[in-house]
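Here's the structure, in structure tokens; my notes come after.
The values are calculated or read from the model by the stated rules, or taken from the named source; none is laboratory data. In this text, all values refer to a predicted model and were calculated from it rather than measured experimentally. Neighbour counts are summed over all protein chains in view; Cβ atoms, including those assigned to glycine, are modelled from backbone coordinates with ideal geometry.
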């Protein structure tokens, strides 16, 4: 791993969150306190500080979009899915099937679920806005109560 990988944790309205930067891009958002990334140095860079400022503003209901340079690591299909997720408007949801249709493969809804699960930058890439076709909430790295909280926050402030 590069020697310019930085990770910093901060307490937010949703608990302790870690944000990582490498090469001028946000690469990870971690919900589990103490989760480490190999070779990451504990440092709050200017970009990480800006990411926390935007995150905290979002969690306070004041920000609806993020303007951060992001660089998640994944397959070309995952990158396509994450690009679609970034277009889902604040306060709205799509189904896994909807996202699969947007990437041009309507039967790939399970693969969309895997891409969501492997999204290393949740919140900034809003995988919490993807729900099951029947409207139920399914898997979220931060847990279903957090997913519900984020959706409620967005619906309340839309």
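Residues that are at pLDDT 95 or above and in a helix (DSSP H, G or I) within the stretch 117-131 comprise 127, 128, 129, listed in sequence order. On the stretch given as the stretch 92-112, residues that are farther than 21 Å from residue 152 by Cα and under 15 Å from the mean Cα position of the chain (by Cα) total 1. Scanning the stretch 122-149 for residues that are within 20 Å of residue 60 (Cβ to Cβ) and touching a residue at least 60 places away in the same chain (Cβ under 8 Å) yields 122, 123, 124, 142, 146, 149.
Among the numbered conditions (1) in contact with a strand residue (DSSP E or B) (Cβ under 6 Å, 6 or more places away or on another chain); (2) in the same structural domain as residue 37 (by TED's automatic domain parsing), the only one that residue 49 does not meet is (1). Can we say residue 140 is in contact with a helix residue (DSSP H, G or I) (Cβ under 7 Å, 6 or more places away or on another chain) and modelled with pLDDT of 95 or more? For residue 140, the condition - in contact with a helix residue (DSSP H, G or I) (Cβ under 7 Å, 6 or more places away or on another chain) and modelled with pLDDT of 95 or more - is not met.
Given the criterion in the same structural domain as residue 121 (by TED's automatic domain parsing) and either more than 17 Å from residue 147 (Cβ to Cβ) or modelled with pLDDT of 95 or more (or both), identify the matching residue among 18, 104, 34, 24. None of the other options fit; the residue is 104.
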